[in-house]
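The values are calculated or read from the model by the stated rules, or taken from the named source; none is laboratory data. All figures in this text were calculated on a predicted structure; none of them were measured in a lab. In this analysis, Cβ positions are derived from the backbone assuming ideal geometry, glycine residues included, and neighbour counts consider all displayed protein chains. Protein only, heavy atoms only, side chains kept; ligands, DNA and RNA dropped before computing areas. Shrake-Rupley method; radii C 1.70, N 1.55, O 1.52, S 1.80 Å.
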Amino acid sequence: MKTTKVSFFVLSLILLLVAGLSGWSGDASATSNAGKTYVIGTDITFAPFEYQDENGDYVGIDMDLLDAIAKDQNFKYEIKALGFNAAVQALESNQVDGVIAGMSITDERKQKFDFSEPYYQSGVVMGISANNDTVKSYEDLRGKKVAVKTGTEGYSFAESIASKYGFTIVPFDDSSQMYDDVKTGNSVACFEDEPVLRFGVNRNIGLKIVTKKEEGAPYGFAVSKGQNQELMKMFNDGLTNIKASGEYERITEKYLGKNATVTNQGRWELVQKSLPALFKGLGKTLLYTIISLFFAFIIGLIFGFMKVGQNKFLRGVATVFVDIFRGIPLIVLAFFIYFGIPQAMGFTMPLFLAAILTLSLNAGAYVTEIIRGGIQSIDRGQMEAARSLGLPYRKAMMKIVIPQAIRVMIPSFINQMVITLKDTSILSVIGLVELTQSGKIVIARTFASFDIWLTVAVMYLIVIITLTKIADYLEVRVRRG
């Protein structure tokens, strides 16, 4: 019996591995004509360098440059839109072959990455609310809060002058959050790369630029130190060619020139056009939840029965499993599985597999305790009575204890289902494109935080209430037998 359980667990993990290696990418892809295919990580909220358009395609200066260079050098590529921090960590752990994400070439990053020739000379500017007429220079920031995006030139610049001008830094993970903090008045200003903030100002995000551009580090394409040098050479050669042909100038003019398209949409029109992307994200949220709960239930069954069994060693193993995966925050577990393990072991882990493993192991620990608690809630006298009547342990458990325990477990299972569904949003930090991440991507293009987050919240609410009502109905049916 023990061997069968262990084999079933191993088989489940193998199925997970096979499912993950079957080619799921979870991201948009673009390819050129022929040659080797490289996986390129990028940001999702860094317009006009990379963002998702209304058709769900990733566009922007970086995307167009990469596409033009790939065609010029005849290589294929696949885009993994992860977010800036996740893309950089993915490059460190060899999950991607290169990163193009408006990445500034700094001495610190040169220690870990090889950079291409600079393809854009950027610089930092300060933005404030469009209604603010009191802040005109750095001297006006004394005693106030300033929003910055982590890992950017703006963050480094803010750090370098924070003590001199006496302001406090408030870090954020993406630009739209930073802008919203300034618009709501929590921070009085933000520091952002000049082309990025100017792109937003042209789209009426509610901010204005009040300082001249500070000289900053140029942007470059990055690969891991000493790796993918053939890709680096092709990028540099292609960059030289498209600059000579005028393609580079055409691309930058398209997004930053005077004729750059600015489309203002009404709130309802904006929500309507965003719904396809949000529904697609919702579908993936449900998919990850269902698959994760399936494996979590299997894991919970195995370790739950181990915890109520008579074998001390198996009880100890199950206790350690629960303590580990219930004690580690989900976001830390996601980083460890997706970035830590591949970096330490030297292999590439598909995002789908990392997400399912993270959710399944986390939920599996809680399901284990649900099953243990349900079984132990049944009076011991019932088992003793069954055994005294001649029933073997297994039969007494299946016929007498388990049916009663299931009724006790159902409310906890429903609660765990809702928690796991909402936990999928946490995995957006490793680039998983589900409902929350889809909302972030839409906001990066539209800067309409209130409308999009309200829509996302309503979608979560409708789905969770619907699933809860269905589960309540099933619970009543089970209780009635």
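Tabulated results
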read-out: Residue in the stretch 131-157 that is most open to solvent (accessible area, probe 1.4 Å), counting only those that are more than 26 Å from the chain's Cα centre (by Cα) and hydrophobic (A, V, I, L, M, F, W, C); value: Phe157
read-out: Matching entry among Tyr366, Tyr338 (being farther than 30 Å from Val39 by Cα and either modelled with pLDDT of 85 or more or out of contact with any Asp or Glu (no Cβ under 9 Å at 6 or more places or on another chain) (or both)); value: Tyr366
read-out: Top-ranked residue in the stretch 173-194 [being open to solvent by 40 Å² or more (accessible area, probe 1.4 Å) and outside any helix (DSSP H, G or I); ranked as nearest to Ile441 (Cα to Cα)]; value: Asp173
read-out: Residue in the stretch 394-408 that is most open to solvent (accessible area, probe 1.4 Å), counting only those that are more than 21 Å from Glu475 (Cβ to Cβ) and not hydrophobic (A, V, I, L, M, F, W, C); value: Arg394
read-out: Test result for Gly327, open to solvent by 50 Å² or more (accessible area, probe 1.4 Å), out of contact with any Ser or Thr (no Cβ under 9 Å at 6 or more places or on another chain) and on the phi > 0 side of the Ramachandran plot; value: no
read-out: Any hit, the stretch 246-257, residues being within 27 Å of the chain's Cα centre (by Cα) and surrounded by 13 or more Cβ atoms within 10 Å (Cβ to Cβ); value: yes
read-out: Residues satisfying the stated conditions in the stretch 35-66, i.e. assigned to a strand (DSSP E or B) and either touching a residue at least 60 places away in the same chain (Cβ under 8 Å) or within 23 Å of Gly281 (Cβ to Cβ) (or both); value: Tyr38, Val39, Ile40, Gly41, Thr42, Phe46, Glu50, Tyr51, Gln52, Tyr58, Val59
read-out: Only one of Val320, Val308 that is over 30 Å from the mean Cα position of the chain (by Cα), more than 30 Å from Glu54 (Cβ to Cβ), β-branched (Val, Ile, Thr) and open to solvent by 20 Å² or more (accessible area, probe 1.4 Å); value: Val308
read-out: Residue selected from the stretch 242-281 under the condition under 26 Å from Asn55 (Cβ atoms) and polar (S, T, N, Q), by the criterion modelled with the lowest pLDDT; value: Thr261
read-out: Residues that are of a type in the set (Gly, Ala, Ser) and either part of a helix (DSSP H, G or I) or over 16 Å from the mean Cα position of the chain (by Cα) (or both), drawn from the stretch 430-452; value: Ser438, Gly439, Ala444, Ala448, Ser449
read-out: From the options Ala87, Ala68, residue that is of a type in the set (A, V, I, L, M, F, W, C) and within 15 Å of the chain's Cα centre (by Cα); value: Ala87
read-out: Condition met for Leu330 (under 19 Å from the mean Cα position of the chain (by Cα) and farther than 30 Å from Pro48 by Cβ); value: yes
read-out: Residue among Leu231, Leu239, Leu207 that alone is more than 20 Å from Glu54 (Cα to Cα), surrounded by 16 or more Cβ atoms within 10 Å (Cβ to Cβ) and in contact with a Lys or Arg (Cβ under 8 Å, 6 or more places away or on another chain); value: Leu207
read-out: Residue count for the stretch 67-92, restricted to those that are more than 18 Å from Gly220 (Cα to Cα) and part of a loop (DSSP other than H, G, I, E, B); value: 2
read-out: Residue selected from the stretch 57-76 under the condition open to solvent by 10 Å² or more (accessible area, probe 1.4 Å) and touching a helix residue (DSSP H, G or I) at 6+ places or on another chain (Cβ under 6 Å), by the criterion nearest to Lys254 (Cα to Cα); value: Asp64
read-out: Leading residue by the ranking (nearest to Ile464 (Cα to Cα)) among those in the stretch 266-278 that are open to solvent by 60 Å² or more (accessible area, probe 1.4 Å) and without any contact (Cβ under 8 Å) to a residue 40 or more places away in the chain; value: Gln272
read-out: Filter pass, Gly238 being touching a helix residue (DSSP H, G or I) at 6+ places or on another chain (Cβ under 8 Å), more than 21 Å from Ser137 (Cα to Cα) and either outside any loop (DSSP other than H, G, I, E, B) or not small (Gly, Ala, Ser) (or both); value: yes
read-out: Only one of Thr468, Thr455 that is open to solvent by less than 30 Å² (accessible area, probe 1.4 Å) and either in a helix (DSSP H, G or I) or at pLDDT 90 or above (or both); value: Thr455
read-out: Among (1) among the polar types (S, T, N, Q); (2) closer than 16 Å to Gly283 by Cα; (3) surrounded by fewer than 16 Cβ atoms within 10 Å (Cβ to Cβ), the one test that Asn415 misses; value: (2)
read-out: Index of the failed condition, Gly127 passing every other in (1) surrounded by fewer than 20 Cβ atoms within 10 Å (Cβ to Cβ); (2) part of a strand (DSSP E or B); value: (1)
read-out: Subset of the stretch 59-96 (residues that are aromatic (Phe, Trp, Tyr) and closer than 24 Å to Val148 by Cα); value: Phe84
